[in-house]
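The values are calculated or read from the model by the stated rules, or taken from the named source; none is laboratory data. It should be emphasised that the depicted structure is a prediction, and the values quoted were computed from it without experimental measurement. Here the Cβ positions follow ideal geometry from the backbone for every residue, glycine too, while neighbour counts run over all protein chains shown.
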Amino acid sequence: MSNPSDQPAPELKDAINFAPRTSVEQVEEGQDLAPKFDRDGLIPCVTTDAASGEVLMLGYMNREALEKTILTGEAYYWSRSRQVLWHKGATSGLIQQVVEIRIDDDQDAVWLRVQLQAASWSSSMRISTTCSIRPLVAPLCHSTWRLRLQ
């Protein structure tokens, strides 16, 4: 008998079978995973730090990204600007290790709770977990738009 590690890994399309969306009751009350991808084949994904609850990013997943995230336990997204599958942290070393995956009741949005895995970083270095956020600037008058919460 051959060693299972000698066998090729199954194709992703064979590994995860998302259920067809047959009814509101099936999607919202059933146990089937039947994500609703938009007309571009994407589903929004909010990613938060599992320990602090801090929002890390809003990204988008295509079918392959959601499948790879489920199968590997690491976050994958679809880069809309580059039009490529994006393994978050593959370049920077800050891999998003998935702690929990949730999907909302009508299955058109995903929520990932992650831990950042920075194996190549010194533990004494502070890891920046958020992206750079720029203020919105009005194009004609160059003033900063501000949102006031009351």
I'd like the full set of residues that are more than 21 Å from Arg39 (Cβ to Cβ), out of contact with any His (no Cβ under 9 Å at 6 or more places or on another chain) and of a type in the set (A, V, I, L, M), limited to region 84-110. Ala90, Leu94, Val98, Val99, Ile101
Restricting the search to region 81-107, which residues are over 26 Å from Ala19 (Cβ atoms), of a type outside the set (A, V, I, L, M) and part of a loop (DSSP other than H, G, I, E, B)? Ser81, Arg82, Gln83, Lys88, Gly89, Thr91, Ser92, Gly93
Taking the criterion of being modelled with pLDDT of 90 or more and either touching a strand residue (DSSP E or B) at 6+ places or on another chain (Cβ under 8 Å) or more than 26 Å from Ile95 (Cα to Cα) (or both), would at least one residue in region 4-19 satisfy it? yes
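Out of everything in region 51-80 that is surrounded by 17 or more Cβ atoms within 10 Å (Cβ to Cβ) and part of a loop (DSSP other than H, G, I, E, B), what residue ends up being farthest from the chain's Cα centre (by Cα)?
Narrowing region 51-80 to residues surrounded by 17 or more Cβ atoms within 10 Å (Cβ to Cβ): 56-57, 59-63, 65-69, 74-78.
Adding the requirement that they be part of a loop (DSSP other than H, G, I, E, B) leaves 62, 75.
Working: Asn62: 10, Ala75: 5 Å.
Going through the qualifying residues, I end up with Asn62.
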